[in-house]
Structures are given as structure tokens and as C-alpha cells.
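In what follows, a single structure is set out as C-alpha cells and then discussed.
The values are calculated or read from the model by the stated rules, or taken from the named source; none is laboratory data. Please read these numbers as outputs of a predicted model, since none were measured by experiment. Cβ sites come from the backbone with ideal geometry, for glycine too, and all protein chains shown count toward neighbours. To get the accessible areas, we keep the full protein, side chains included, count just its heavy atoms, and leave off ligands, DNA and RNA. Shrake-Rupley method; radii C 1.70, N 1.55, O 1.52, S 1.80 Å.
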Amino acid sequence: MRRTLVFILLLLHVVAHASTTVRSGPMVGYGEMREALLWVQLSSAGTVQYRYWITGEKSKALVSAKTSATKESDYIATVVLTDLTPGSRYEYELLLDGKPVPLRRRLTFVTQPLWQWRTDPPAFTVAFGSCSYVNDPPSDRPGKPYGGSYSIFEAIAAKQPEVMLWLGDNWYYREDDYYAPSRMRKRPAYDRSLPALQHLLGSTHHYAVWDDHDFGSNDADRTYRFRTEALAIFKMFWPNPTFGTLETPGVFFRFMWGDVEFFLLDDRFYRSPNAMPETPHKTMFGRAQLEWLKEGLISSRATFKVIVNGNQLLAKHGFETLRNYPFEFDELMGWIKGRKIPGVLFLSGDRHFAELSVLADPAFYPLYDFTSSPLTAGYAADRRPEENPLHVAGTFVNDTRNFGLLRFDGPLDDRRVKMELCDSTGAVRWSRTVKASELKPPAGR
């Protein structure tokens, strides 16, 4: 009888694990010279590990430590791959309960090269976008579906970027999600399982910040009562290298790729309501985060310093923008100019169209804000370029879903970045090239 009971229990264990499948991923998270992070979500509990090798050297494959995907973690598992070789392309495979999972796509990532004191910085490509909406009829508003063109993720993957930046509204909480954290956890899991997204997830390093719709309700701010729960959910689904600081929680962080440093900002957790009077107390980022950014900019030795935010930072219009927080806007721009910080470039999303804005100042260098939106949400065909007097002629696009590219190249003493705006098929709609030498204060100023 005892043997029979043991056999039944073992059989039940085998059957339970045999039914476990990959719900989404694997996704490549942050990447450095010697380590990288991989994320995956399963359909039920299971043990996850990876086999990984430099392309062409599978016989020398390494195997990662095991980690468990449990109900408490929403069956999410993250694994840090170690002992990597700098400047290499790796391939990898997922092992579920010790067995390889057959996936019909190539799983790959790169390690950053150890170029310092040896060579010029590497050439590399960064893709970015915002406003990713996946239709879910039971929770969507009636009428024409808002989401579409999901093949845009394949178009991004085809560009083979080393890095993908998600600039907010990476999923859209619906009305029946806003005040139920149990429902909020289901929204990113549903969106992340989109089949068209899986190739991009598994082949590019992903970094993300939020805007209103993946934080809470439309135009949500620090008064949102589930902001702490929203932060915990965001951390589950985006394996960024860090989140905030020890003293100041949030989704803001910084990271280096080659000779470029990225500063990703949190425009929601500390945000004052948009309708608050324009006083020094009205803030988008909060005092602690703004000081963190200012100190980071002045300490950075990067050729380009890319400041990434959900809302636009330079544009003038009547919608959400840092301009609606004039004291904070003036303090940040004053710091950049007063401290003569070179190489600053802004990225933003949110607006459901794309444009390049420029803040010209004859006593300084031109500051650019490259806005790309939306990825798969509806685009704002009714918006007009003249709404923003700072837009660069020929860069306003409101007739397609889109994504942006930054292509960094050139020797250390002559680095440049090519900005490209691509439509949902990957076709380039416009491009502009800016040299690092053009993003420096005039001599003697």
C-alpha cells in the first residue's frame, strides 16, 4: 500500500511538471561585460536554468544555477548568467526542470566589450518606443480595437539592436484593473505573452521605465493609492539593474553601454497632480530624484548622456510635459547649462505621434528631445505639428505606429549618433545625425 501511494505521488508530480509551459520569454534583461540577466514566466511552478555558450562554441557551454518559479512570484524566474566573456555574442537555451525547452526562435544576447584603454568605443544600436497596447476585448472599451500592428516588434528585432528602451505605457491598465492589485498583476502577464513579441524579448537587452498607464490610471500621479503595489509589479516584469536608491524608491536608474550613459527617470511616483498651482512645490520628479539626476550628470564622463522619460521634456503644448512643472524645468535646464554639461540628449514617448524637438540657445548647444509613440496603441491622426513650436521641420509623424533608433558610432574623438524614426514595418521615415562635438558649450562661454 505504501509503495502504491509513493508511486501515485511521484506520478502526480511528473504529470504536474509535464504540464508546465513557458508563458512568455525568455527575455534578456540588463547586460554587462561579465554577466547578464534572463527573465521568464511559466504557466505553473517549475525549476529554471540556462545553458549558454559563445556562438560557435556550444561544446564549451556553461550551465547556470537553478532557480524556482513559484506561485508567490507569479511563476516568474530571473537568473543571472556569470563568467561571461566581454565583447561576445552568446546563444542560450532554457532548461525547464532540467530538460531543454524547444523554442522556434534564436535566443541570443551580447556582452559589452572591454574597450577602455584599448580601442575606440563600440558601435551599437538602441531601439526605443512607448505606448504598447494589446487588445483584451472583455476589458477594452466598446468599438474599434485600440491596439494593432503587433508585427512592429518583429520589425524592431530585425534591426538587431543591442538595447531596447521601453519609455512607458508598456502595458495599459484598464478600468477594472486600477483598484485591484490582483488584477493589475494579470495585465503585464497577458501582454508579455503576445507571440509577436517573443523574438524581440529573447534577443535584445531590455530596460524600462513607466508612464501613467503602466503605473495606474490615465494621468495618474503620487496620489494613486496603489502606487506601492504598482512599483512591486513593475519590478517583477522588468529586470532593470537597479530601482531608485536605498532612500528613494522608484523606477529611475542609470546604466552605461559603451561610452554612452542612460539616465531613465520616474515621472509618476513623486508627481504632483497636473492641476496643482505652478509653485516650487509642484514636481514631476521630486526633490530626491532631481538631485540624483543632477549629481549623475555632473559625475558622468560619458560622451553622450541620454535622459529618458515617459513625458516630453522640452516640447511646449497643452498636454503632459515637463513644461507644466516650470520650476523643475528651469532648475534642470539651468543645471545642464550652468554646469556646462556636454552631450545631453533627451528621449520621450507618450504623445501617440513622433517628433524631434529642439531647444536652441546661442549661448549653449542645441538640446534635442526625440519623441517616439506609439508602438501598438492608436496613433493621434488629429494632432498637428504646430502645437509644439519647438518641433524640427520634417520630423512630425502622426500617421503610423513607430519606434526610434539611436545608432552610435565613430572613433572616441569623433563620436556621433544617428537618430532614425521607423514606421511599423521598419521603414525609416526620417533621420538626423548629430556629432558629439556639436553637443558642447561654445568655447569661452
On the accessible surface of the chain, probed at 1.4 Å with all protein chains in place, carbon and sulfur together account for a percent value of 55
Residue among Ser24, Ile336, Pro366 farthest towards the positive dipole end of the chain, charges placed on Cβ:
Ser24
How large is the accessible surface of His206 in square angstrom, using a 1.4 angstrom probe and rounding to the nearest 10?
0
With each pseudo-label sitting 7 Å past Cα toward Cβ, what's the Arg105-Ala393 distance in nm, one decimal?
4.2
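Count neighbours as other Cβ atoms within 10 Å of each site's Cβ, and list the GluC sites (Glu not before Pro) in region 212-279 that are DSSP loop with at most 15 such neighbours.
Passing both the DSSP loop test and the Cβ count: Glu247, Glu278.
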What are the aspartates and glutamates whose alpha-carbon lies under 12 Å from the alpha-carbon of Lys316, with same-chain residues fewer than 8 places away excluded?
Asp369, Glu386, Glu387
Helix 227-237 against the longest principal axis of the chain: what's the angle in degrees, Cα atoms only, rounded to the nearest 10?
60
Angle check, please: helix 287-299 long axis (alpha carbons) against the longest principal axis of the chain (alpha carbons), in degrees 0 to 90, nearest 10.
80
Based on the alpha-carbon gyration tensor of region 15-171 and its eigenvalue square roots a ≥ b ≥ c, which shape applies: rounded if a/c is under 1.5, prolate if not and a/b is larger than b/c, or oblate?
oblate
With label points set 7 Å from each Cα along the Cα-to-Cβ direction at Arg339 and Thr425, the distance between them in nm comes to 4.5
At most 11 other Cβ atoms within 10 Å and a DSSP loop assignment: could you name the trypsin sites (Lys or Arg not before Pro) in region 188-267 that fit?
Arg225
Can you list which of the GluC sites (Glu not before Pro) found in region 116-178 are DSSP loop residues with at most 15 other C-beta atoms within 10 Å?
Glu175
Using alpha carbons only, how many angstrom separate the centre of region 413-435 from the centre of region 156-177?
19
Separation in nanometres of the label points that stand 7 Å from Cα toward Cβ, at Ala443 and Arg141
5.6
Whichever lysines have a C-alpha closer than 24 Å to that of Lys99, once near sequence neighbours (fewer than 8 apart) are set aside:
Lys58, Lys60, Lys66, Lys71
With +1 on each Lys and Arg Cβ and -1 on each Asp and Glu Cβ, and nothing else charged, work out how big the dipole of the chain is about its Cα centre, in Debye to the nearest 20.
1060
Three-way shape call for the chain based on the alpha-carbon gyration tensor, with the a/c threshold at 1.5:
prolate
Within region 152-169, what residues put their amide N at less than 13 Å from the label point 7 Å along the Cα-to-Cβ vector of Trp115?
162
